[in-house]
Amino acid sequence: MDILTILLLSLFIFGMAKWCNEGETLVGNIFLKKAAVTDLWVGLYLDTSEPAEDATLASITEVPVLYDYARIALGAADWTEQATKGIFENLQKIFTANGGNWGDVYGYFLTDCASGTAGKFVSCENFSDGPYTVNDGWSVKVTPKVTIS
């Protein structure tokens, strides 16, 4: 079993901020039906409220694909277990607006597709200290973390 498969199982069993229905189904298919493991990407959303558990990529308001916004891949090798056992953290990902403003960014999400709305909306989390106003040249830093307890 590769590290991404282990992390997907860990996320499903022990939780992240919030698993969405499509993410639960994705993990069930991987572990129970032996479906192929998919890559994950992190993206940003503009919705003022955290998306509901039944949200989809089509139902959220993602930062528009303007001004250098794009989802960032979360490679399996980017996850490391911290000194406190059971805490896994991804490398910090930095999103930077270039050429215009993104506005107020309220949270981040994980998905299994690099762009568009055809993929699964795996999980999401509002920023605990947000929203972050992102003007031209400003950045948002996201460090996905999973705690297994």
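Yes/no per residue for (1) within 25 Å of THR133 (Cα to Cα); (2) not charged (D, E, K, R):
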position	(1), (2)
THR56	yes, yes
ARG71	yes, no
ALA76	no, yes
ILE94	yes, yes
ASN98	yes, yes
TYR106	yes, yes
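Every residue, every condition in (1) in contact with a His (Cβ under 9 Å, 6 or more places away or on another chain); (2) small (Gly, Ala, Ser); (3) more than 22 Å from TRP138 (Cβ to Cβ), yes or no:
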position	(1), (2), (3)
ALA55	no, yes, yes
THR61	no, no, no
PRO64	no, no, no
ALA77	no, yes, yes
LYS85	no, no, yes
VAL105	no, no, no
PHE109	no, no, no
Suppose we filter THR56, THR38 for residues that are touching a Cys at 6+ places or on another chain (Cβ under 9 Å) and modelled with pLDDT under 85; which single one remains? THR38
Please go through region 55-70 and give me each residue that is within 17 Å of the chain's Cα centre (by Cα) and assigned to a loop (DSSP other than H, G, I, E, B), ordered by number. ALA55, THR56, ILE60, THR61, VAL63, PRO64, VAL65, TYR69, ALA70
From the residues in region 136-149 that are outside any strand (DSSP E or B) and out of contact with any Leu (no Cβ under 7 Å at 6 or more places or on another chain), which one is farthest from VAL65 (Cα to Cα)? SER149
Mind checking whether some residue in region 10-32 is assigned to a loop (DSSP other than H, G, I, E, B), at negative phi, modelled with pLDDT of 95 or more and under 17 Å from the mean Cα position of the chain (by Cα)? no
Can you tell me which residues in region 33-49 are touching a Lys or Arg at 6+ places or on another chain (Cβ under 7 Å) and either of a type outside the set (Phe, Trp, Tyr) or part of a loop (DSSP other than H, G, I, E, B) (or both)? VAL42, GLY43
Selection status of ALA52, of a type outside the set (Asp, Glu), in a loop (DSSP other than H, G, I, E, B) and closer than 14 Å to LYS145 by Cβ: no
Matching residues, region 116-135, being out of contact with any Ser or Thr (no Cβ under 6 Å at 6 or more places or on another chain), part of a strand (DSSP E or B) and not aliphatic (A, V, I, L, M): SER123, CYS124, GLU125, ASN126, TYR132, THR133
Those residues that are among the polar types (S, T, N, Q), surrounded by 14 or more Cβ atoms within 10 Å (Cβ to Cβ), in a loop (DSSP other than H, G, I, E, B) and more than 16 Å from the chain's Cα centre (by Cα), I need them from region 71-115; list them, please. ASN101
So, GLY75, is that one among the small types (Gly, Ala, Ser) and over 18 Å from SER115 (Cα atoms) or not? no
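The values are calculated or read from the model by the stated rules, or taken from the named source; none is laboratory data. Predicted model only: the values in this text are computed from it and were never measured. Quick reminder, even Gly has a Cβ in these numbers, built from the backbone with ideal geometry, and neighbours come from all protein chains shown.
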